[in-house]
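Engineer: Quick one: structure below, then a few questions.
The values are calculated or read from the model by the stated rules, or taken from the named source; none is laboratory data. Just so it is clear, the structure is predicted and the values come from calculations on it, not from any experiment. Cβ coordinates were reconstructed from backbone atoms using ideal geometry, including for glycine residues, and neighbour counts include every protein chain displayed.
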Protein chains: 2
Amino acid sequence: MSNAATVVDAFIEAVERRDLDAALDLVSDDVEYENVPMAVVHGRDAVRDTLAPLVASAAEVEWRVLEQVHDADTVLNERIDRFRVDGRWIEVRVAGVFKIRDGRITRWCDYFDLQQFSSQLGGS
Amino acid sequence: MSNAATVVDAFIEAVERRDLDAALDLVSDDVEYENVPMAVVHGRDAVRDTLAPLVASAAEVEWRVLEQVHDADTVLNERIDRFRVDGRWIEVRVAGVFKIRDGRITRWCDYFDLQQFSSQLGGS
């Protein structure tokens, strides 16, 4: 059962539990992490630096996976990433690309519209 | 060989040849087509109305597929959609979701950052 998709499933479940240590244990030391409208960063600490403020500010995190397909080392999914912040849900529609090696995520790249996300953060 | 991925491959190849009739023959009458930062539209003519100006304005079209995975009826891919317009290449990084039924695309949904695209159209 330890295929590429189960690694991504476990990663998402850990993020939803807001258990960053468990999530980061599923990414490689040299992971490449990119939010396409923003920057590429490298390494587990860089992933933590990006996720920690999001997770810390949210009372609940839910990443709904709408579609997910995979082969031996690649997982692509379509998601709605939801964060409950100050009593309202911020929702971002995302498509994610994950490369897996030895049970860990070595590349994570999310496609989304930055304006859609930032407009909600701005308190639209 | 007529699986979901071959339909998407043939669709992309037709777009690259700028053969819209061949491309549209691979989408269903009731196709749902969405560019996530923009609107959802329905039907083959709506796809034509979106693609035609892009294809007409481009001397060359190249959609580089970086990653693609599929199951029986679903294809997700990561692409760089390139259009050569007025002697320069406009590039959009895209993640696409395709649902296939009876050899035709019934849902096509592309995720990208609208600002990244429109800033190039604006002649940055």
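Engineer: Read through the list (1) in contact with a strand residue (DSSP E or B) (Cβ under 8 Å, 6 or more places away or on another chain); (2) buried (at least 18 other Cβ atoms within 10 Å of the Cβ); (3) of a type outside the set (Asp, Glu); (4) over 23 Å from A:Asn3 (Cα atoms), then give the number of the only condition that A:Ala95 fails.
Structural biologist: Failed condition: (4).
Engineer: Search segment B:99-115 for residues being part of a strand (DSSP E or B) and either more than 12 Å from the chain's Cα centre (by Cα) or facing another protein chain (nearest Cβ under 8 Å) (or both), and hand back the single one that is farthest from A:Asn77 (Cα to Cα). Full working, then the answer.
Structural biologist: Taking segment B:99-115 as the starting set, the residues that turn out to be part of a strand (DSSP E or B) are B:99-101, B:104-111.
Adding the requirement that they be either more than 12 Å from the chain's Cα centre (by Cα) or facing another protein chain (nearest Cβ under 8 Å) (or both) leaves B:99-101, B:104, B:106, B:109, B:111.
Values: B:Lys99: 13, B:Ile100: 16, B:Arg101: 19, B:Arg104: 21, B:Thr106: 18, B:Cys109: 12, B:Tyr111: 11 Å.
The selected residue is B:Arg104.
Engineer: While we're here: Here's a check for you: in segment A:42-84, which residue that is surrounded by fewer than 18 Cβ atoms within 10 Å (Cβ to Cβ) and of a type in the set (Asp, Glu) is farthest from the chain's Cα centre (by Cα)?
Structural biologist: Here the answer is A:Asp71.
Engineer: Continuing with the same structure: A:Val55 - would you say it is outside any strand (DSSP E or B) and touching a residue at least 24 places away in the same chain (Cβ under 8 Å)?
Structural biologist: Details: outside any strand (DSSP E or B): yes; touching a residue at least 24 places away in the same chain (Cβ under 8 Å): yes.
It is true that A:Val55 is outside any strand (DSSP E or B) and touching a residue at least 24 places away in the same chain (Cβ under 8 Å).
Engineer: OK, next. If I go through segment A:1-22 residue by residue, how many of them are assigned to a helix (DSSP H, G or I), touching a residue at least 40 places away in the same chain (Cβ under 8 Å) and within 14 Å of A:Ala52 (Cβ to Cβ)?
Structural biologist: Count: 1.
Engineer: Same structure again: Could you please give the count of residues in segment A:50-93 that are within 12 Å of chain B (Cβ to nearest Cβ) and small (Gly, Ala, Ser)?
Structural biologist: Qualifying residue count, segment A:50-93: 1.
Engineer: Moving on. Out of all the residues in segment B:18-30, is one or more within 21 Å of A:Asp113 (Cβ to Cβ) and modelled with pLDDT of 95 or more?
Structural biologist: The first filter runs over segment B:18-30 and keeps only residues within 21 Å of A:Asp113 (Cβ to Cβ), leaving none.
For segment B:18-30, residues within 21 Å of A:Asp113 (Cβ to Cβ) and modelled with pLDDT of 95 or more: absent.
Engineer: Can you tell me which of B:Asp45, B:Asp21, B:Asp71 is under 24 Å from A:Arg93 (Cα atoms) and in contact with a helix residue (DSSP H, G or I) (Cβ under 9 Å, 6 or more places away or on another chain)?
Structural biologist: B:Asp71
Engineer: Also: Checking the conditions here, which among B:Ala14, B:Ala39 is within 14 Å of chain A (Cβ to nearest Cβ), of a type in the set (Gly, Ala, Ser) and at negative phi?
Structural biologist: Details: B:Ala14 fails: within 14 Å of chain A (Cβ to nearest Cβ).
Among B:Ala14, B:Ala39, only B:Ala39 is within 14 Å of chain A (Cβ to nearest Cβ), of a type in the set (Gly, Ala, Ser) and at negative phi.
Engineer: A follow-up question, please. Exactly one condition in (1) in a strand (DSSP E or B); (2) under 20 Å from B:Glu78 (Cβ atoms); (3) more than 14 Å from chain B (Cβ to nearest Cβ); (4) not hydroxyl-bearing (Ser, Thr, Tyr) is not met by A:Gly96; state its number.
Structural biologist: Failed condition: (3).
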